[in-house]
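Take a look at the structure set out below.
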Amino acid sequence: MRDLLVFTWNLRGNVEAAKLAISHLSSWPNNGISWIAAFQEAPRALDTLLKGAGNVRVHDHDPATDHNVILSSDDIVLDPDGPKHARNLIVDRNHRMAGRTFACAHWSGLRFLSAHGKDRLNWPTDGERQRWATTVRRVLTSFWSDPAPLIVAGDLNANPWHHEVTDRSGWFAGRPGEQPGERYRLEDEDVYAVPLVNPMWRLVAGDRTPGTFHDDHDGLRWHCLDQVLVSRDLATRPLVPVIRGWLSNRSLVDEAGKPLRGRVTGGDGDAAKKIDYIYSDHLPVEMILSGEVVARACDVSTRRR
């Protein structure tokens, strides 16, 4: 039974980054591993790039927007009996969340939610972040209303310790082995929040603060904004996420540990000083889940219904 690789990367519209990601993902089935991936800010040329790619299936891509694309290896298909996320005007008018249910030869009913959180530049205050977190919880709860294994992957635009990630009115995701109770009823709503596990805490524990997004805000050069969250039934074994600085034999960072940058663009004034990233100012995150654990969680979920 194949293990399952989960991959997420904010490509920042870069064609070369998309080429690297597709090449990297296409190689995994040759190693006996299936995969599901979430891209954010995919380039407009993505459809063209995918035409020549092997071992790739596209499940969610709106060419009019670039916030979410869901792909998988070709042995994974949409589950016709599973839901997709309920429409919400706040997130769907620009495709910031995309939920689908998947199946393969060994399991079915796996929920996968690709997410691109509101940016912190235009939504900086605690009140704005809390309003966004409440919307996230409503969409998540409608998609995940019955017991089922769930994976959330994407650029959350929040560190693992931010309230919109940890609070029950947001993603409600905590450290492995330290989740709160089974569920909590949300205030003034007949809706219950079920906690998720955030394996990214294994990377930021102690004095280590590796990250996925390069920015000097709050005194941190890198922020851990890109994450993979899972339901507790998928975390019965230790999960080890990896922040990749290399893909397909290409480095994504320079010798100083900063994102590789390209040439200075032409133009007058400030435009002449603009520097384009060769790949992205985000680094990709990937994590492998045991195929046996995924199959068992899907089987238990089916028998509960």
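Kindly indicate whether L78 is surrounded by 21 or more Cβ atoms within 10 Å (Cβ to Cβ) and either within 25 Å of L229 (Cβ to Cβ) or touching a residue at least 60 places away in the same chain (Cβ under 8 Å) (or both).
No.
Whether any residue in the range 40-50 is at pLDDT 90 or above, part of a loop (DSSP other than H, G, I, E, B) and buried (at least 22 other Cβ atoms within 10 Å of the Cβ) is what I want to check.
Taking every residue of the range 40-50 in turn, at least one turns out to be at pLDDT 90 or above, part of a loop (DSSP other than H, G, I, E, B) and buried (at least 22 other Cβ atoms within 10 Å of the Cβ).
Being without any contact (Cβ under 8 Å) to a residue 24 or more places away in the chain and over 15 Å from the mean Cα position of the chain (by Cα): is that true of L121 here? Walk me through it before giving the result.
Values: without any contact (Cβ under 8 Å) to a residue 24 or more places away in the chain: yes; over 15 Å from the mean Cα position of the chain (by Cα): yes.
Against the criterion (without any contact (Cβ under 8 Å) to a residue 24 or more places away in the chain and over 15 Å from the mean Cα position of the chain (by Cα)), L121 qualifies.
Just wondering, is there one or more residues in the range 85-97 that are more than 20 Å from the chain's Cα centre (by Cα), surrounded by fewer than 22 Cβ atoms within 10 Å (Cβ to Cβ) and assigned to a loop (DSSP other than H, G, I, E, B)?
Initially, the range 85-97 is screened for residues more than 20 Å from the chain's Cα centre (by Cα), giving 89.
Then drop every residue that is not surrounded by fewer than 22 Cβ atoms within 10 Å (Cβ to Cβ), which leaves 89.
Next, only the ones that are assigned to a loop (DSSP other than H, G, I, E, B) stay: none.
No; the residues of the range 85-97 include none that is more than 20 Å from the chain's Cα centre (by Cα), surrounded by fewer than 22 Cβ atoms within 10 Å (Cβ to Cβ) and assigned to a loop (DSSP other than H, G, I, E, B).
A quick yes/no check of all residues on (1) touching a residue at least 24 places away in the same chain (Cβ under 8 Å); (2) under 13 Å from D60 (Cβ atoms):
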site	(1), (2)
D74	yes, no
G82	yes, no
H85	yes, yes
D92	no, yes
R100	yes, yes
A103	yes, no
G109	yes, no
F112	yes, yes
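Given the criteria surrounded by fewer than 23 Cβ atoms within 10 Å (Cβ to Cβ), within 16 Å of the chain's Cα centre (by Cα) and assigned to a strand (DSSP E or B), does D60 qualify?
So D60 passes the test.
Any idea which of (1) among the charged types (D, E, K, R); (2) at pLDDT 90 or above; (3) farther than 23 Å from H214 by Cβ is the one K118 doesn't satisfy?
K118 satisfies every listed condition except (3).
The values are calculated or read from the model by the stated rules, or taken from the named source; none is laboratory data. Just so it is clear, the model here is predicted, and its values are computed rather than measured. Cβ atoms come from the backbone with ideal geometry, glycine included; neighbour counts cover every protein chain shown.
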